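Worksheet: the structure to be examined is printed underneath.
The values are calculated or read from the model by the stated rules, or taken from the named source; none is laboratory data. Everything quoted here is computed from the prediction, not taken from an experiment. Glycine gets a Cβ as well: all are built from the backbone with ideal geometry, and neighbour counts include every protein chain shown. Heavy atoms of the whole protein, side chains included, go into the accessibility calculation; ligands, DNA and RNA do not. Shrake-Rupley method; radii C 1.70, N 1.55, O 1.52, S 1.80 Å.
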Amino acid sequence: MEITDALTGLANCRFFMEDLAHTLSIADRQMRQAALVMIDLDRFKAVNDTLGHPVGDRLLARVSDRLRSIMTDNELCGRLGGDEFAVVVKDASDTSYMELLANKIIEVLSRPYEVDQHTLFVGASVGTAIGPRDGRTVEMLMRSADLALYRSKDQGGGAFTHYEPQLHVQAEERRVMEMALRKAKIGRASCRERV
C-alpha cells in the first residue's frame, strides 16, 4: 500500500486517516488527548488560475517542505487533496502547544516563495479540534476541525480557530436558513410556471 502523496511526499489521505483513527484509539485507551489540525492555503487558486497548474504543483511541494520542517515526532502531516493539508498531533494535552503550532504553521507558510522566477505569496488558514472532547471518531473530529477552519477562512484567512460547540450550532442555523431560501426560490419558480 502506498502511504505517501506522490506530489508532496507527505502522508497520503488514506494513510493519514488510518493514522488519525489509530491515534484516537490510543488516546481514548490511555485517557489523554490527541488533536487534528486542518490547513487550507489562502490565495492558492489565484496561483493556479494565473500561472498554471505546474507552477501550483511546484508551490505545493515547497509548502510541504516547510510543513515537514516544523513537524516533530509528536506530529504526522498529510495532504488530503488539492491545497488541503492536515496534521495529527498524537499528544495534545498541552493546549498552549496547539496554539503555538497553529501560529507557527501560519507564519512559516505565509513567507514568500520563489517558484520559476515568480515570487508567490500564499498564506494559511488553520482550524483545530481535540479528541475525544471535540469528536471521538475520525469523522466527528474532522467535522469539528473543518468548522473551525471555515471560521478562519471567514475571517479573511491567515487565522487560527479552535473548535467550540457554538460553531456547530451556527453551521446548523446556516444550513436551515439555506434550505428555507432554496424552498422559497423553488416556490417562486413554480408560481411563475403557473402564471
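Whether any residue in region 96-105 is in contact with a strand residue (DSSP E or B) (Cβ under 7 Å, 6 or more places away or on another chain), under 26 Å from Phe15 (Cα atoms) and without any contact (Cβ under 8 Å) to a residue 60 or more places away in the chain is what I want to check.
Yes, the conditions are met somewhere in region 96-105.
Could you tell me whether region 144-155 includes any residue that is closer than 23 Å to Asp19 by Cβ, of a type outside the set (A, V, I, L, M, F, W, C) and open to solvent by 60 Å² or more (accessible area, probe 1.4 Å)? Steps first, please.
Of the residues in region 144-155, the ones closer than 23 Å to Asp19 by Cβ are 144-149.
Those still in the list that are of a type outside the set (A, V, I, L, M, F, W, C) too: 144, 146.
Of the ones still in play, those that are also open to solvent by 60 Å² or more (accessible area, probe 1.4 Å) are none.
So far as region 144-155 goes, no, none of its residues is closer than 23 Å to Asp19 by Cβ, of a type outside the set (A, V, I, L, M, F, W, C) and open to solvent by 60 Å² or more (accessible area, probe 1.4 Å).
So how many residues does region 23-51 have that are of a type outside the set (Ser, Thr, Tyr), loosely packed, with under 15 Cβ neighbours inside 10 Å and assigned to a helix (DSSP H, G or I)? I'd like the intermediate steps shown before the answer.
Residues of region 23-51 of a type outside the set (Ser, Thr, Tyr): 24, 26-49, 51.
Applying the additional criterion that residues be loosely packed, with under 15 Cβ neighbours inside 10 Å yields 26, 28-32, 43, 45-46, 49.
In the following step, the residues that additionally are assigned to a helix (DSSP H, G or I) were identified as 26, 28-29, 45-46, 49.
Of the residues in that region, 6 qualify.
Please verify whether region 97-110 includes one or more residues that are acidic (Asp, Glu), open to solvent by 60 Å² or more (accessible area, probe 1.4 Å) and outside any strand (DSSP E or B). Please lay out each step first, then the result.
To start, the set of residues in region 97-110 that are acidic (Asp, Glu) comprises 99, 107.
Okay, now just the ones that are also open to solvent by 60 Å² or more (accessible area, probe 1.4 Å), so 99, 107.
Of the ones still in play, those that are also outside any strand (DSSP E or B) are 99, 107.
Yes - at least one qualifying residue is present in region 97-110.
Any residue at all in region 168-185 that's farther than 26 Å from Ala46 by Cβ, at pLDDT 90 or above, within 20 Å of the chain's Cα centre (by Cα) and surrounded by 14 or more Cβ atoms within 10 Å (Cβ to Cβ)?
Checked against the condition, which is being farther than 26 Å from Ala46 by Cβ, at pLDDT 90 or above, within 20 Å of the chain's Cα centre (by Cα) and surrounded by 14 or more Cβ atoms within 10 Å (Cβ to Cβ), region 168-185 yields no hits at all.
Note down all Cβ pairs under 6 Å where the first residue falls in region 47-71 and is farther than 12 Å from Asp83 by Cα and touching a residue at least 24 places away in the same chain (Cβ under 8 Å), the second is in a helix (DSSP H, G or I) and open to solvent by 30 Å² or more (accessible area, probe 1.4 Å), and they're at least six residues apart or on different chains.
So the pair list comes out as Ile70/Lys104.
Consider region 10-22. How many of its residues are in a helix (DSSP H, G or I) and in contact (Cβ under 8 Å) with a residue 24 or more places away in the chain?
The number of residues fulfilling the criteria is 7.
If a residue must be without any contact (Cβ under 8 Å) to a residue 40 or more places away in the chain and either open to solvent by less than 40 Å² (accessible area, probe 1.4 Å) or under 18 Å from Asp19 (Cα atoms) (or both), how many such residues does region 118-134 contain?
Step one: filter region 118-134 for residues without any contact (Cβ under 8 Å) to a residue 40 or more places away in the chain, giving 119, 134.
Among the residues that remain, those that are also either open to solvent by less than 40 Å² (accessible area, probe 1.4 Å) or under 18 Å from Asp19 (Cα atoms) (or both) are: 134.
Result for region 118-134: 1.
So which residues in region 63-84 are charged (D, E, K, R), part of a loop (DSSP other than H, G, I, E, B) and surrounded by 13 or more Cβ atoms within 10 Å (Cβ to Cβ), if there are any at all? Can you show your working first?
Step one: filter region 63-84 for residues charged (D, E, K, R), giving 65-66, 68, 73, 75, 79, 83-84.
Right, trim to part of a loop (DSSP other than H, G, I, E, B) and you get 73, 83.
Selection gives Asp83 alone.
Looking only at region 89-115, count how many residues are among the β-branched types (Val, Ile, Thr) and under 13 Å from Leu36 (Cα atoms).
Residues of region 89-115 that are among the β-branched types (Val, Ile, Thr), as a first pass: 89, 95, 105-106, 108, 115.
Filter once more, keeping what is under 13 Å from Leu36 (Cα atoms): 89, 95.
Number satisfying all stated conditions: 2.
When region 135-161 is examined, which residues are found to be in contact (Cβ under 8 Å) with a residue 40 or more places away in the chain, out of contact with any Gly (no Cβ under 6 Å at 6 or more places or on another chain) and of a type in the set (A, V, I, L, M)?
Across region 135-161, the qualifying residues are Val138, Met142, Ala159.
What single numbered condition from (1) assigned to a strand (DSSP E or B); (2) surrounded by fewer than 20 Cβ atoms within 10 Å (Cβ to Cβ) fails to hold for Ser93?
It fails just one condition, (1).
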